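The values are calculated or read from the model by the stated rules, or taken from the named source; none is laboratory data. Only a predicted model underlies this, so the values are computations on that prediction, with no experimental measurement involved. All Cβ positions, glycine included, derive from the backbone under ideal geometry; neighbour counts span all protein chains shown.
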Amino acid sequence: MNVKLLFNIALHLLRARFKQSLVAAVGVTFGIAMFISLVSFMNGLNDLLDGLMLNRTPHVRLYNEIQPSKHQPVDFDPQYRNQTVIINSVKPKDRGKSIYNGKAIIHDLKQDKRVVDVAPKITAPVFFNSGTIEISGVVYGVDVAAEEKLFRLSDYVIAGKVADLNQSNSIIIGKGLADKMLMKIGDVVKVTTAKGNLSTFKIVGILQIGIAELDNTMSYTSLSSAQKLLGAPTNYITDIQVKLFDIQQAPALTKEFSKKYEVDGMDYQTTNSQFETGSTIRSIISYAVGIVLLIVAGFGIYNILNMMIFEKMDSIAILKATGFSGRDVQWIFIILSMIIGFTGGICGLLFGYIFTSIIDVIPFNTPALPTITTYPISFRPLFYGIGITFALTTTFIAGWFPARKAGKVDPVEIIRGK
Amino acid sequence: MAALVLETRQLTKSFYDPAPFEVLKKIDLQIQQGEFVSIVGKSGCGKSTLLYLLSTMDTDYQGEIYIDNELVTGKSDASLALIRNAQIGFVFQFHYLLTEYNVVQNVMLPGMKLGKYTKDEIEFRAMEHLRTLGMHEQALKMPNQLSGGQKQRVAIARALINDPLIIMGDEPTGNLDKKNSDLVFAIFNELVQERQQTLLIVTHDPDFAARTHRIVTMEDGRIV
Ligand SMILES: Nc1ncnc2c1ncn2[C@@H]1O[C@H](COP(=O)(O)OP(=O)(O)O)[C@@H](O)[C@H]1O
Ligand SMILES: [Mg+2]
């Protein structure tokens, strides 16, 4: 098969029907450009939200769950060994929320090759006292340096400095909380724990995550300040937060760690399961829209090719009479279709790139996302690869059926028909 | 005796639509190298049908066809295409040039398909043929800029490009006036004289037929 010659014939046929071919190519261009724009934008959005969650959520969180003892005293009595025991009104056991031997666990985890870093944390439910009103909230006691490294806390601090947390009894409070209590940096806030301990903290910063529920309740202080607040010893921590090199391993490693250290564990995927669904749906939407547009473009090509074949019956007959086989003729029209698909597709990629580049610089300011200044776009070569593959596959399929028909044209019928 | 170029044995062809009808009935025909043969007969007696079978474009028949002593009956579409390309030159009543290509490109196309020579050589040969046919000055024109007689000469040049074993024509002068008709005959005659080109031409023109080596007369699907 002489591909160059078939290509040449395809080009000549195409030139003879230039306008229709152009319309068909524009259809493909439109489909691909839309696909690229959508996928890039949707993935930009996904990455942004991923980042939001990733920055705030540890890959593995180790803690102590409040729950009843697995083995009740009656289980140890040999008398009931082989009997079914029913106990009513079981109460959870107070193991305390403190992780036993937390420092040793952290030290051990830091040696693990799969772990990027580890940060301890204390979660303390408290009341913020403002005049006569008590607002319930949470104080997180964190290792300031580790928290900053793992979760980029400073990205969300809209006023003040994270480093100031290292001063004793200083606190960074959520923006919602600050607004409710009419407080600003430098003010002093009174905090009461569930057990009744009262402390005063100096506000050194305001924090905004972008999720009202959190901004209305949360606050950060240093580990030692939190321990002091709770009247707890200096080895008291309630959470160990682990960041992994490979987030996909989180569920497996969570199981491993919680077994090894005899604590409860929660992995990133479980924490953010509903969020994952959102990402998947966004991806599906962008692919679905792209494919639908391309199918429409494919029908356009199909129509134009059918029309062209109908108009070029004489040419097909003469090609066959002078020695082109049915297969040659079929290839001529497939190539023709692929030329339309390829040119249209490449232009589509180009326009897609231009569109997304424009979207990428459009300002997008929202107080909820302080780190974002423009619309999020994800530029990934993979999308462009998928785009051109889509274009070529669609046009190949759209071209294949008319081309087969052209290959089966009986030249005798055409020549006789004159 | 010269070599056999084309032979049919008991060639039979039927149409079934609208009613079963035998167009060709057990045709036995032999054509030798260098012969100039014409086929004549009443309209509708099956001349065109016979030519389409011989040109391998129509494969729906009974009996056997040999080209260059080789059985072509039952060969694949691709090998028949190659035979048409390399061994048969076809001239139709209605010129049938590709409107997308200019004159010389039209002539070159079967040569490019065969790929025996380089593009430059094929172009040179195409120009030579056009020159012999007095068409070299029109080489760069598009087909729609030519007269009927000129188109037919281009078609003959195209039929010649691969030095075919045999040139077949289905009333190639049927659509031309007397002057052009004579010109085409003169060209055919010259091909026979100078190149010992084998020709098989269907015609309804008794003058034309009378000047060929052999006249095959058909009647009712039979050779008489
Ligand atoms: N596709 C066809 N279906 C049915 N009958 C046909 C078909 N083609 C030709 N015929 C018939 O076959 C006979 C021979 O046709 P043809 O070979 O074209 O005659 P000629 O060329 O000698 O005038 C005619 O009677 C014609 O009507
Ligand atoms: Mg006829």
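Annotations for the structure displayed:
- In region A:128-154, residue surrounded by the fewest Cβ atoms within 10 Å (Cβ to Cβ) [restricted to those that are in a helix (DSSP H, G or I) and not small (Gly, Ala, Ser)]: A:Lys149
- Scanning region A:375-402 for residues that are touching a helix residue (DSSP H, G or I) at 6+ places or on another chain (Cβ under 6 Å) and either of a type outside the set (A, V, I, L, M, F, W, C) or not assigned by TED's automatic domain parsing to the domain that holds A:Phe35 (or both) yields A:Tyr375, A:Pro376, A:Ser378, A:Tyr384, A:Gly387, A:Thr394, A:Thr395, A:Gly399, A:Pro402.
- Tallying residues that are over 16 Å from the mean Cα position of the chain (by Cα) and within 19 Å of B:Gly46 (Cβ to Cβ) within region B:167-213 yields 2.
- For region B:64-78, the condition of being at pLDDT below 90, at the interface with chain A (Cβ under 9 Å from one of its Cβ atoms), more than 16 Å from ligand 1 (Cβ to nearest atom) and not in a helix (DSSP H, G or I) holds for none of the residues.
- Residues that are charged (D, E, K, R), more than 21 Å from B:Ala159 (Cα to Cα) and more than 15 Å from ligand 1 (Cβ to nearest atom), drawn from region B:193-214: B:Asp207, B:Arg211, B:Arg214
- Total residues in region B:165-212, condition more than 14 Å from every other protein chain (Cβ to nearest Cβ), over 16 Å from B:Leu6 (Cα atoms) and either within 15 Å of ligand 2 (Cβ to nearest atom) or not in a helix (DSSP H, G or I) (or both): 10
- Unique residue being of a type in the set (A, V, I, L, M, F, W, C) and under 24 Å from the mean Cα position of the chain (by Cα) when the list is A:Ile237, A:Ile206, A:Ile247: A:Ile247
- Exactly one residue among B:Ile31, B:Ile39 is touching a Ser or Thr at 6+ places or on another chain (Cβ under 9 Å), closer than 22 Å to B:Arg222 by Cβ, near ligand 1 (Cβ under 9 Å from one of its atoms) and not small (Gly, Ala, Ser), and that residue is B:Ile39.
- Among (1) surrounded by fewer than 22 Cβ atoms within 10 Å (Cβ to Cβ); (2) in a loop (DSSP other than H, G, I, E, B), the one test that A:Ile358 misses: (2)
- Candidates in region B:24-59 are the residues that are within 14 Å of ligand 2 (Cβ to nearest atom) and farther than 23 Å from B:Leu80 by Cα; of these, the one that is surrounded by the fewest Cβ atoms within 10 Å (Cβ to Cβ) is B:Ser43.
- Selected residue [within 16 Å of ligand 1 (Cβ to nearest atom) and of a type outside the set (Gly, Ala, Ser)] from B:Pro164, B:Pro172: B:Pro172
- Residues in region A:205-238 that are touching a Gly at 6+ places or on another chain (Cβ under 9 Å) and not in a helix (DSSP H, G or I): 16 in all.
- Those residues of region B:25-70 which are within 20 Å of B:Gly174 (Cβ to Cβ) and of a type in the set (Gly, Ala, Ser), in sequence order: B:Ser38, B:Gly41, B:Ser43, B:Gly44, B:Gly46, B:Ser48, B:Ser55
- The single condition from (1) in a helix (DSSP H, G or I); (2) in contact with a strand residue (DSSP E or B) (Cβ under 9 Å, 6 or more places away or on another chain) that A:Gly323 fails is (1).
- Taking the listed residues B:Lys47, B:Lys26, B:Lys13, the one that is under 16 Å from A:Asp410 (Cβ atoms), among the basic types (Lys, Arg) and modelled with pLDDT of 90 or more is B:Lys13, with no other qualifying.
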